[in-house]
1. Condition first: in contact with a helix residue (DSSP H, G or I) (Cβ under 8 Å, 6 or more places away or on another chain) and under 22 Å from residue 103 (Cβ atoms). Now tell me which residues in segment 202-222 satisfy that.
2. Suppose the filter is part of a helix (DSSP H, G or I) and at pLDDT 95 or above; does residue 141 pass it?
3. Is it the case that residue 281 is away from the ligand (no atom under 16 Å from the Cβ), touching a residue at least 12 places away in the same chain (Cβ under 8 Å) and under 13 Å from the mean Cα position of the chain (by Cα)?
4. Across segment 186-224, what is the total count of residues that are within 13 Å of the ligand (Cβ to nearest atom), surrounded by fewer than 24 Cβ atoms within 10 Å (Cβ to Cβ) and on the phi > 0 side of the Ramachandran plot?
5. Given the conditions (1) free of Cβ contacts under 8 Å to residues at least 40 places away in the same chain; (2) closer than 30 Å to residue 384 by Cα; (3) more than 16 Å from the ligand (Cβ to nearest atom), which single one is not true for residue 124?
6. Restricting the search to segment 326-360, which residues are touching a residue at least 24 places away in the same chain (Cβ under 8 Å), over 25 Å from the mean Cα position of the chain (by Cα) and part of a loop (DSSP other than H, G, I, E, B)?
7. Go through (1) in contact with a helix residue (DSSP H, G or I) (Cβ under 9 Å, 6 or more places away or on another chain); (2) surrounded by fewer than 16 Cβ atoms within 10 Å (Cβ to Cβ); (3) at pLDDT 95 or above; (4) within 24 Å of residue 200 (Cβ to Cβ) one by one and return the number of the condition residue 127 breaks.
8. Residues that are buried (at least 17 other Cβ atoms within 10 Å of the Cβ), in contact (Cβ under 8 Å) with a residue 60 or more places away in the chain and within 14 Å of the ligand (Cβ to nearest atom): does segment 253-266 have at least one?
Ligand SMILES: Cc1ncc(COP(=O)(O)O)c(C=O)c1O
């Protein structure tokens, strides 16, 4: 039976009325109600609770308690890590901390994985991987004289891209120490098969390191069950913790004794305030702390994780699929005949929370969209990413954004 799509705005409004997560939008600061914000996959909106929490941390804790506030602050990186682990990452307590940036954590974990396997001289990753991951690996490989085996992107930035387990298997042998990929591709939003890649890597005796920046808070993640060894991810996208908020770092419990934090700072030191003569790492995930944690950023992560956990990752994923499905329906109705190409998987099970559309003039189109109050982002060479954050993006926003794009592209 062929059903024709209702492309009216009233249909988008009806979808919003039926959306059980709709009330969550009111939990965020919406400074300009007319702004169509489709870039929560770069920087998530500010939760109202975070505004209040930060005011309290600044005035009541820092301002009033001064140094005494550290009594309540010291274990926050581990406490928030446990909350994130058990609500959104499919991990156990004492496997996750919040610390540093994604880039720094990625570097530390990759280095530790290589240190633990000195006889293996190769790293496998994806040519289309996020730049900071590629740059970090290049630096590490150069410093240690290691080989990087690049999984080549298929021509034209694969619409439903991302390397599959077979691509990974083809690059594996007894020389490979580490396989590292993004869980969700930053361009196409393709979801990697984490469990299958872990299994393939483990068959060859390699460790895996996952970058979950584009999946944490929006896709259910099963780090433990999938067999992942190591993972990192940022907190300023779907966790709404704000610019520069600390990232997460995950080390599977069974590996914690085998891997060592390559930056030996005093926060990773056993009996830190004894100020002892030499470094002795703390047991467990706390041994991955380095220096003084950023308390304002951490408080924002705490609020962001609580809000997402309250909404529930299952309900978030359900709405996320509905939003991207709706965006693709409108794309097919309005844009596919206008020279655009869809750059995200059509299979919802393989698609993350954003939708990429491509046309040669994408850069100019993105600037024109921003000028009329629609904010997506441009990714070279020709992609426009429409980031749909389930807690704040309405179906009407998708309709408004794609309507503007259709007008500008005509
Ligand atoms: C996949 C991925 N990795 C890493 C980063 C950024 O890392 P950092 O937080 O260190 O800037 C991003 C930022 O957008 C990203 O999308």
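The values are calculated or read from the model by the stated rules, or taken from the named source; none is laboratory data. A quick note: this is a predicted structure, and the numbers were derived from the prediction, not measured. Glycine gets a Cβ as well: all are built from the backbone with ideal geometry, and neighbour counts include every protein chain shown.
1. Across segment 202-222, the qualifying residues are 207, 208, 209, 210, 211, 212, 213, 216, 217, 218, 219, 221.
2. Answer is yes for this residue.
3. no
4. So the count comes out to 0.
5. It fails just one condition, (1).
6. Correct list: 339, 340, 359.
7. Evaluating residue 127 over (1) in contact with a helix residue (DSSP H, G or I) (Cβ under 9 Å, 6 or more places away or on another chain); (2) surrounded by fewer than 16 Cβ atoms within 10 Å (Cβ to Cβ); (3) at pLDDT 95 or above; (4) within 24 Å of residue 200 (Cβ to Cβ) leaves (3) as the failure.
8. For segment 253-266, residues buried (at least 17 other Cβ atoms within 10 Å of the Cβ), in contact (Cβ under 8 Å) with a residue 60 or more places away in the chain and within 14 Å of the ligand (Cβ to nearest atom): absent.
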